[in-house]
């Protein structure tokens with residue numbers, strides 16, 4: 001699954017790629033590797049404000065949650081079951097773009113995954129791109145604090161990613177540059193499931 005991403009591009013490059021501006025540019029920190037399990041704030045573009053780049057926490061918390069414990073299992077959302085899973089079904093139409101310029105995956109070199117090969121995965125044609133994402137607004141009932149959170153949508157692996165992510169054979173939905181608006185405009189999620197894909201490059205790390 002997609003738990004580690006990269007975004008180390010300059011602000012001006014990101015804004016140009018998406019024709020959008022950072023609302024709080026002071027929050028941006030270029031990072032070579034973003035660990036999903038840090039549940040950090042990362043740049044996203046939502047369907048409600050397509051011209052703005054905002055910061056949401058990775059790890060979707062549904063509005064009905066009593067605490068934030070679910071975020072450990074909502075870093076990714078399977079596209080095939082978005083409308084069925086309680087954690088995601090209320091967010092299917094809350095679309096966002098999660099900005100990146102790479103992500104990492106590990107290939108198992110033995111049956112139990114004791115030996116692994118790390119890969120950096122990037123699109124062949126775009127230096128800066130967007131994962132398909134969904135988001136949620138959550139208010140912590142214990143203190144009233146509000147949180148904006150997201151999940152990266154995943155699909156069945158293509159041929160390349162089946163070889164690399166050989167234990168689960170999944171990959172994130174990377175949107176083609178011309179399809180970001182379609183995702184934000186709530187086109188059917190099925191349209192973005194494999195065999196929808198972009199050409200990818202994989203580099204051993």
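What the table shows:
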read-out: Estimated inter-spin distance, residue 27 and residue 169, nm [label 7 Å along Cα→Cβ]; value: 3.9 nm
read-out: Compactness of the chain as Cα Rg over 2.2 N^0.38 Å, two decimals; value: 0.98
read-out: Hull-based mean projected area of region 100-153, where the convex hull spans the alpha carbons, in square nanometres; value: 6.5 nm²
read-out: Scaled radius of gyration (Cα, divided by 2.2 N^0.38 Å) that region 124-182 gives; value: 1.54
read-out: Length added when fully stretched, residue 181-residue 109, from 0.36 nm per residue minus Cα-Cα; value: 22.1 nm
read-out: Nitroxide proxy distance, nm - points 7 Å out along Cα→Cβ at residue 67 and residue 142; value: 0.6 nm
read-out: Average Cα contact separation per residue, region 1-148, under 8 Å, 6 or more apart, as relative contact order %; value: 25 percent
read-out: Space enclosed by the convex hull of the alpha-carbon atoms of region 5-69, per residue, Å³; value: 97 Å³
read-out: Three-way shape label, region 103-205, alpha-carbon gyration tensor, a/c 1.5; value: oblate
read-out: Relative intensity, log₁₀ I(q)/I(0), of region 160-205 from a Debye sum that treats every alpha carbon as a point, q = 0.14, 0.22, 0.24 Å⁻¹; value: -0.41, -0.84, -0.93
read-out: Cα shape, region 7-127, gyration tensor, a/c 1.5 rule; value: oblate
read-out: Relative contact order [Cα under 8 Å, 6+ residues apart], region 95-205, whole percent; value: 32 percent
read-out: Simple label model, 7 Å out from Cα along Cβ direction - residue 116 to residue 89, nm; value: 3.2 nm
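Only the coordinates and a few stated rules stand behind these numbers; no lab work does. Note that this is a predicted model, so its numbers are computed, not measured. We place every Cβ from the backbone using ideal geometry, glycine too, and count neighbours over all the protein chains shown.
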